[in-house]
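FYI, it's all coordinate maths here, none of it is from the lab. Only a predicted model underlies this, so the values are computations on that prediction, with no experimental measurement involved. A quick note on method: Cβ atoms are made from the backbone with ideal geometry, for glycine too, and the neighbour counts reach across all protein chains shown.
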Amino acid sequence: MSDDVYVQLVDLAGGALLLTAVLILWRRELAVIIRVFAVQGVALGALVAVLAAREQTAELWVSAAGIVLLRAGALPALLRRAMRHAARRETRPMVNVAASLLAAAALTLLAYAVSRPLVALAPSPATQAIPVGVTVVLIGFFVLVTRRRALSQIVGFLLLDNGITAVGFLTTASVGLVVELGMSLDVLLAVLVLGILTARMRETFGGTDLDELRELRDS
C-alpha cells in the first residue's frame, strides 16, 4: 500500500467515525441512532483493517473482523432487542439539538488541543487521526450525561468505548489480539447487564426515563 493511499484511507475512516458520532448526538430516534452506531462499528473495523494492511499482521486483521462482528452486528442487535418495549425516541434531552451541535464543535477543538502533545511524540498518518478518536470519546461522554433514556445512555457508553478503541489502535498498531478480545468481552458483558437492568426498570416502573424514576424516589 502506497503512503498516499494509506493516508487517504486513514482520513476516510477517521472522518466516518467523527461523522457518525455527530449524527448520534444530533438524532433523537433510537432506531436511527442504533443504525448509525452500527455504521460506526463498520468504520472502526475499516480503520483497523487499514492499519492491518499497512502493518501486515494477522492479529490486526482478526481484530478488525471481530470489531465489525461485535460493534456492527452483535451490539446493535442487542440494542434493537432492548428497544422493542421501550420508548422509540429521546423526547426530552437535557441539551437541545442546536446546543448539542455547538458542544460537538467545542469538544472537537478541545480534542485537537489536548491531543497535540501525543501526536507530536510520533508524527505519522495514524497518530494524526488520534484527535478524531479523542473527539468520539468526548462526544460519547456528552451523550452519556445529557440523555434521559437509559437506552440512549447505553449508546453513549458504547460510543465512548469506540473512541477509546480507536485511540488505542492509532496510538500503537501492535495492540495484542488478546487485549482487544478482553476489551470486547467486557463491553459485551456490560451491555448485557445494562440491558437486563433496563428491562427490570421497565417491568417495575413502567418506563426507563430517568427523570420519571427520580420523581418516584422523591415522592
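Going highest first, how would you order 30-36, 110-116 by mean Cβ packing within 10 Å?
Values: 30-36: 19.7, 110-116: 15.1.
Ranked from most to least packed, the peptides come out as 30-36, 110-116.
By the count of other C-beta atoms within 10 Å, a proxy for reagent exposure, Arg84, Arg149 are ordered fewest to most as Arg84, Arg149. Between Val145 and Ala99, the modelled labels are 1.4 nm apart [label points 7 Å from Cα along Cα→Cβ].
Starting from the Cα of Tyr112, move 7 Å in the Cα-to-Cβ direction to define the label point; list residues of the range 122-159 whose amide nitrogen is under 11 Å from there. Zone members listed by number: 131-132. Between Arg27 and Ala58, the C-beta separation translates, for a Förster distance of 35 Å, into a calculated FRET efficiency of about 0.40.
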